[in-house]
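Asks: Let me begin by handing over the structure; questions about it come next.
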Amino acid sequence: MHHTKRCIRMLTVGFILAVGLCGVNSATMAADSTSDNEDMKKQVATVIAIAQAQLVRLISQSTDEYQAELLESGDAQPAAWMLMKDGKTVKRINMDEQAVGAPPSVKLMMYRAAIKSVAQRKKIVAAAILYSGQLSETDTTTVLVIEHEHMVGVSGHKVVGYELSGGEIMWGEPVGHKKPFEWFYESKKSDS
């Protein structure tokens, strides 16, 4: 169990580093010597730091809970968590009754729609969906996928290979990817 907690901490550190590289518009951070611009940079940096801390809390708690299911069943179904407006409370989304017998791909669509509905009503500040599967049809590596989004514009997903061995999960190196920002705001269609 100690090894498992260490692996979760490694995943969290990898997540922090990846989030630190995402979500900041370079135009916002353009170098300018005016004090207004310096104040703006500090404010943006503060907001990004708060979002990172909130996402780490969300990912850490959801991964701990999901890991328990992986250890119990070996193949957990998709699950989702929300970080409430207080920035501290993490709640799992329960759709068991609505999703009885639904395949994992349908459950993913249901979770995405549920998160979008709650997020666009400004009831949460972040959300994550976790699911496991194989990497591809040709690569049978088992992976955990963590889709996440924060209302300030940080959005992505992590893919982490893993093996179940002796009642523990042996995690691989996490790989981060950008994910379209789609849960918190409606995307605007261009006229071109």
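Asks: Identify the residue in the stretch 100-155 that is in contact (Cβ under 8 Å) with a residue 12 or more places away in the chain and among the charged types (D, E, K, R) and, among all such residues, is nearest to TRP183 (Cα to Cα).
Replies: Within the stretch 100-155, the match that is nearest to TRP183 (Cα to Cα) is LYS116.
Asks: Pick from the stretch 43-68 the residues that are of a type outside the set (A, V, I, L, M) and more than 12 Å from the chain's Cα centre (by Cα): which of them is farthest from ILE124 (Cα to Cα)?
Replies: This residue is GLN67.
Asks: If you take the residues in the stretch 119-143 that are of a type in the set (Val, Ile, Thr) and more than 16 Å from VAL160 (Cβ to Cβ), which one is surrounded by the most Cβ atoms within 10 Å (Cβ to Cβ)?
Replies: Result: ILE124.
Asks: Using the structure shown, decide if THR12 is closer than 18 Å to GLU149 by Cβ, at pLDDT 85 or above, surrounded by 14 or more Cβ atoms within 10 Å (Cβ to Cβ) and β-branched (Val, Ile, Thr).
Replies: no
Asks: Just one of (1) closer than 13 Å to TYR66 by Cβ; (2) buried (at least 19 other Cβ atoms within 10 Å of the Cβ) trips up GLU149, so point out which.
Replies: Every listed condition holds for GLU149 apart from (1).
Asks: Check GLN134 against each of (1) under 14 Å from the mean Cα position of the chain (by Cα); (2) at pLDDT below 90 and name the one condition it does not meet.
Replies: Here GLN134 clears every test but (1).
Asks: Still on this model: Taking the stretch 69-108 as the search range and keeping residues that are among the acidic types (Asp, Glu) and in a helix (DSSP H, G or I), which one is nearest to the chain's Cα centre (by Cα)?
Replies: Looking at residues that are among the acidic types (Asp, Glu) and in a helix (DSSP H, G or I), I get GLU69.
Asks: Restricting attention to the stretch 164-173, and to residues there that are assigned to a strand (DSSP E or B) and touching a Gly at 6+ places or on another chain (Cβ under 8 Å), which single residue is surrounded by the most Cβ atoms within 10 Å (Cβ to Cβ)?
Replies: TRP171
The values are calculated or read from the model by the stated rules, or taken from the named source; none is laboratory data. What you see is a predicted model, and the numbers here were worked out from it, not measured in a lab. Neighbour counts are summed over all protein chains in view; Cβ atoms, including those assigned to glycine, are modelled from backbone coordinates with ideal geometry.
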